[in-house]
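Trainee: First the structure, which I've put down as structure tokens, then a few questions once you've had a look.
The values are calculated or read from the model by the stated rules, or taken from the named source; none is laboratory data. Note that this is a predicted model, so its numbers are computed, not measured. Here Cβ is always computed from backbone atoms with ideal geometry, including for glycine, and neighbour counts include all displayed protein chains.
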Amino acid sequence: MDLNTFKEYIKAHLISLEQDSEELQKQMGFYDDYDSDEYESLEIEDVSLNGQMIACYHLLGVLDER
């Protein structure tokens, strides 16, 4: 895979992650009990998605510098 193909893949993956994050935020808005196991599970998934997005932004930044 060449770097341009990789860059386009990362961009597409980032769009997917952003869409997943938006959907997750909607789901989290339905909970009033922030101490529930269900809400905690959503929080963990939210942190994971944010970490993945940060990594994608970093990779895109590195690719843009070359």
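Trainee: Quick one: what pairs do we get from the stretch 1-28, first residue free of Cβ contacts under 8 Å to residues at least 24 places away in the same chain and more than 24 Å from Tyr39 (Cα to Cα), second part of a helix (DSSP H, G or I) and not polar (S, T, N, Q), C-beta under 8 Å, 6+ apart or different chains?
Mentor: Close Cβ pairs satisfying both conditions: Met1/Tyr9.
Trainee: Right, here's the next one. For the stretch 17-65, how many residues are small (Gly, Ala, Ser) and in a loop (DSSP other than H, G, I, E, B)?
Mentor: Result for the stretch 17-65: 2.
Trainee: For the stretch 17-65, give me each residue that is β-branched (Val, Ile, Thr) and over 26 Å from Lys7 (Cβ atoms).
Mentor: Matches in the stretch 17-65: Ile44 only.
Trainee: OK, next. Which of the residues spanning the stretch 1-42 are among the aliphatic types (A, V, I, L, M) and in contact with a helix residue (DSSP H, G or I) (Cβ under 8 Å, 6 or more places away or on another chain)?
Mentor: Listed by number, the residues that qualify are Met1, Leu3, Ile10, Leu14, Leu17, Leu24, Met28, Leu42.
Trainee: Could I ask something else about it? Do the conditions hold for Tyr31, that is, is it surrounded by 12 or more Cβ atoms within 10 Å (Cβ to Cβ), among the aromatic types (Phe, Trp, Tyr) and at pLDDT below 95?
Mentor: In short, yes.
Trainee: Looking only at the stretch 9-22, decide whether some residue is loosely packed, with under 12 Cβ neighbours inside 10 Å, of a type in the set (A, V, I, L, M, F, W, C) and farther than 23 Å from Leu63 by Cα.
Mentor: No, there is no match, as no residue in the stretch 9-22 is loosely packed, with under 12 Cβ neighbours inside 10 Å, of a type in the set (A, V, I, L, M, F, W, C) and farther than 23 Å from Leu63 by Cα.
Trainee: Go through (1) in contact (Cβ under 8 Å) with a residue 12 or more places away in the chain; (2) surrounded by 10 or more Cβ atoms within 10 Å (Cβ to Cβ) one by one and return the number of the condition Arg66 breaks.
Mentor: Among (1) in contact (Cβ under 8 Å) with a residue 12 or more places away in the chain; (2) surrounded by 10 or more Cβ atoms within 10 Å (Cβ to Cβ), the lone unmet condition for Arg66 is (2).
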